[in-house]
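Structure first, commentary second.
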């Protein structure tokens, strides 16, 4: 998904990542909720895949290619020459349909409905994997699509060395493919290249608006829906939806900055990558603790965590640290990640999106602190057996080890920042 530069490869990558996820959600066949979660996940995924594939067919049919760099150049030439005409609405519709597949993998609103049910029905281990691996892959794919359509590459196509004679002597189908692969002009003039990049301004504006609106609605809905949850996995599912919205915000900045400030756009990509790195430890730690508590308590109800600080102080302290990091409290990793994402919005002058992100951080305070309050302030339930909660020492060691990076990345994060900047360098400049 992260390296795809062809729309059909993007579709195949999304499907090959989705189908194993459906099986993982229903891994525990004896549980009715797990089977229900897998069926919902598969049906919803099939629907969004069909919409996404139809959008790809619309885009490829109008532009004449499914190769992202070639599509960007062809689209820029169409806009620059004024030949888009009646195809503009088809392109918009195709772009929106393409975004449904990406939004499904991100569990972005309004394609989030599978997430809470799947997280509740699947085991905590599977939910933790889906919340991190699926989001990371989908975010990198979204960056790939945005960068692919945002600018016109001045380089020769990778397969431009294919001989013209070979293309001429091939079958009609092979000729079409060969023509698509060498469609980019060789070494365009600098002025023409700049004009084509300017012509893509409406495309960048469209991508920025779609991603900005989707990210704002996603984080707002995720935070508001988390309030009334009584199951810890459903609460973390809505938290995952909210964080997907936060992580999409720097990508909106990438779309806004790509045409005029490519280096700043790469820094926004780096901010998103840093967020993923910090989110990896935060969410894996949260779901690991939920899994250990499920094994010990045979319950995933938040109310059953009452007085956890007295029964397992190490677990309660580590879980509180992780929840505070998800909230974005300094000096933890979540604060640095949100600060980097919000700084990208400031750089792109996306002040409204920044205000929505800040407001949502305030909203999320209440449901994160509610869980911490239940664990640390509420008394131990009277009906709890004294010996009903022994956690093995190996579980405590694992919980501490997965919590330490959440603290360490908030205090010293130069190494991860350098890695993310190196990963983002050269994408646009």
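Structure summary
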quantity	calculated
Computed lengthening from residue 43 to residue 394, 0.36 nm per intervening residue step minus Cα-Cα distance	122.5 nm
Euclidean distance between Cα centres, segment 1-75 to segment 105-124, Å	16
Nitroxide proxy distance, nm - points 7 Å out along Cα→Cβ at residue 373 and residue 294	2.7
GNM flexibility winner over the chain from 272, 207, 24 (Cα, springs under 10 Å)	24
Residue exposure sequence - 221, 339 - by fewest surrounding Cβ within 10 Å	339, 221
Degrees, to the nearest 10: 68-81 long Cα axis against longest axis of the chain	50
Computed [θ] at 222 nm, helices only, for the chain once each DSSP H run of length n ≥ 4 contributes -39500 (n - 2.57)	-25000 deg cm²/dmol
Ranking of 114, 419 by count of other Cβ atoms within 10 Å, fewest first	419, 114
Anisotropy class of segment 1-62 from Cα gyration tensor, a/c 1.5 cut	oblate
Paramagnetic reach from residue 33 in segment 219-238 [backbone N under 13 Å; point 7 Å along Cα→Cβ]	230-237
Segment 265-316 versus segment 86-101: alpha-carbon centroid distance in Å	38
Cα gyration tensor shape for segment 51-130, rounded if a/c is under 1.5, else prolate or oblate	prolate
Ranked list, fewest to most other Cβ atoms within 10 Å of each Cβ, for 233, 40, 373	373, 40, 233
Förster-model FRET efficiency, 35 Å R0, residue 80 and residue 224, C-beta, rounded to 0.05	0.20
Difference of contour (0.36 nm per residue) and Cα-Cα distance, residue 380 to residue 339	11.1 nm
Rounded, prolate or oblate (a/c below 1.5 giving rounded, otherwise prolate when a/b exceeds b/c) for segment 208-301 by Cα gyration tensor	oblate
Acute angle (nearest 10 degrees) that the helix 201-225 long axis makes with the longest principal axis of the chain, alpha-carbon atoms	10
Spin-label model distance (nm) - residue 16 vs residue 93, 7 Å beyond Cα toward Cβ	3.1
Rounded to 10°, Cα long-axis angle of helix 135-150 versus longest principal axis of the chain	20
At R0 = 45 Å, FRET efficiency that the Cβ-Cβ distance of residue 411 and residue 54 yields, to 0.05	0.40
Gain in span if fully extended, residue 205 to residue 401, counting 0.36 nm per residue against the direct Cα distance	66.2 nm
For the chain: relative contact order, % (alpha-carbon pairs under 8 angstrom, 6 or more apart)	16
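Each value in this text was obtained by applying a stated rule to the coordinates, not by laboratory testing. As the structure is a prediction and not an experimental result, all values here were calculated from the model. Using ideal geometry, Cβ is built from the backbone for each residue, glycine included, and neighbour counts are taken over all protein chains shown.
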